[in-house]
Amino acid sequence: MKPLPGCVKKLIEGKTFANVATIMPDGSPQVTQTWVDHEGDLVLVNTFEGNQKSWNVRRNPKVALTVTDPSDPFNVAVVRGHVKAVTFNGAEAHVDRMAKKYFGADKYPCRSTGEKRVLIKIEATHVIPPHTPTQR
């Protein structure tokens, strides 16, 4: 596992979105834009049980994602890695934290009846940190 550099963590901690690529059963890529978080050096993605992303990562743990600074779309971090865990533990509380971050709401307002949230924990194997304007 590669550690996430501080600049990548800081980017993730902002109101940023990630484009997460997983692998379909036929080997083709599937990309989803989603909220993103981190727990130390693990990248966290919260989703619901039964969607394509959750099926794909259980079958093939290889993933890649980009995290883009909303104030500067050229300021992008790239993470390639593998899924360390897909868990229900803590997923409901986590989606509420993400609702606070992205919506300013105390509870995630888009829950569907019977929906189970899952937390995908990603270990980085390769990280390309974002570039500051002076590095372009």
Q | Inter-centroid distance (Cα atoms) of segment 1-36 relative to segment 87-129, Å | A | 13
Q | Relative pair counts by distance (%), Cα atoms of the chain, 5 Å bins | A | 2, 10, 20, 23, 20, 14, 7, 2, 0, 0
Q: Would you grab the residues whose amide H sits under 5 Å from the one on H38? Only those 5+ places off in sequence or on another chain, please, with H modelled 1.01 Å from N.
A: L44
**Q.** Nearby aspartates and glutamates by direct alpha-carbon distance to K9 (threshold 19 angstrom, same-chain neighbours under 8 apart not counted)
**A.** D37, E39, D41, D69, D72, E123
Q | Of K15/K100; K15/K116; K101/K121, those spanning more than 21 Å from alpha-carbon to alpha-carbon | A | K15/K116
Q) When the chain is treated as a GNM, springs tying every alpha-carbon pair under 10 Å, which of N60, N89, N46 comes out with the largest mean-square fluctuation? A) N89
Q | Estimated dipole of the chain in Debye, rounded to 20 [Cβ of Lys and Arg +1, of Asp and Glu -1, Cα centre] | A | 120
(Q) Run the helix sum for the chain: -39,500 (n - 2.57) per DSSP H stretch of 4+ residues, divided by residue count, reported at 222 nm to the nearest 500 deg cm²/dmol. (A) -6000 deg cm²/dmol
Q) Can you list the GluC sites (Glu not before Pro) in segment 1-70 that are in a DSSP coil and have 16 or fewer other beta carbons within 10 angstrom? A) E49
Q. Can you pull the three principal axis extents for the Cα set of segment 1-54, in Å, largest first?
A. 36, 22, 16
Q. Label point 7 Å out from R58 along Cα-to-Cβ: which residues of segment 72-105 have amide N under 18 Å?
A. 83-92
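Every number in this text was worked out from the coordinates using simple rules, so none of it is lab data. All values derive from a computational prediction rather than experimental measurement. Heads up, the Cβs are rebuilt from the backbone with ideal geometry, glycines too, and the neighbour counts pull from every protein chain shown.
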